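Read the structure below first, then the notes.
The values are calculated or read from the model by the stated rules, or taken from the named source; none is laboratory data. Bear in mind the structure is a predicted one, so any value in this text is a computation, not a measurement. Cβ: placed from backbone, ideal geometry, glycine included. Neighbour counts: every protein chain shown.
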Amino acid sequence: MTVTFHNPPTAPAPFADRYANLASIDLGSATMLVLSGQVALDESGNVVGADMGSQTEAIFRSIGALLAAHGAGFDDVVHIRTYLTDMSLLPEYGAARRKFITGKPPTSTTVEVSRLFLPEALLEVEVTAVVANSG
């Protein structure tokens with residue numbers, strides 16, 4: 001088994017240089033992709049959007065870019081873990097998420113947290129995906 005850490009140039013850089021956006025784990029016939037928690041940030045590290053829907057869409061665009069950089073897509077996602085700062089916003093999150101997760105839904109965990117590392121961030125999303133290796 002080989003584990004490689006990546007910060008693909010096609011996706012937003014990590015907020016701090018102390019971690020990687022993605023770990024790629026070679027399992028032989030497949031590769032597991034474990035993404036760091038994503039928040040709605042622009043290239044300058046500023047939070048994008050002030051509402052749950054726009055932040056969710058920004059996060060899932062980033063997740064899509066990270067997955068695509070490794071030949072994967074949302075159909076390869078097997079688990080989503082979401083941290084919300086306000087569980088009453090769950091319906092808005094779900095509506096925005098369904099724009100990206102359109103096939104069979106993956107396993108999912110959603111929890112409410114008192115705060116995230118940036119006060120303007122309403123949520124953080126982690127994803128695990130498994131994609132078949134070609135060959």
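List of remarks:
- Restricting attention to segment 66-98 and to residues that are surrounded by fewer than 20 Cβ atoms within 10 Å (Cβ to Cβ) and of a type in the set (Asp, Glu), the residue that is nearest to Ile25 (Cα to Cα) turns out to be Asp75.
- Yes/no for Thr31 being of a type in the set (Ser, Thr, Tyr), within 19 Å of Val131 (Cβ to Cβ), surrounded by 12 or more Cβ atoms within 10 Å (Cβ to Cβ) and modelled with pLDDT of 95 or more: yes
- Taking segment 42-65 as the range and being surrounded by 15 or more Cβ atoms within 10 Å (Cβ to Cβ), free of Cβ contacts under 8 Å to residues at least 60 places away in the same chain and either on the phi < 0 side of the Ramachandran plot or hydrophobic (A, V, I, L, M, F, W, C) (or both) as the test, the residues that pass are Val48, Gly53, Ser54, Glu57, Ala58, Arg61, Ser62, Gly64, Ala65.
- Residues that are within 22 Å of Thr10 (Cβ to Cβ) number at least 2 in the following strands (runs of 3 or more DSSP E) confined to segment 39-135: 77-84, 123-132.
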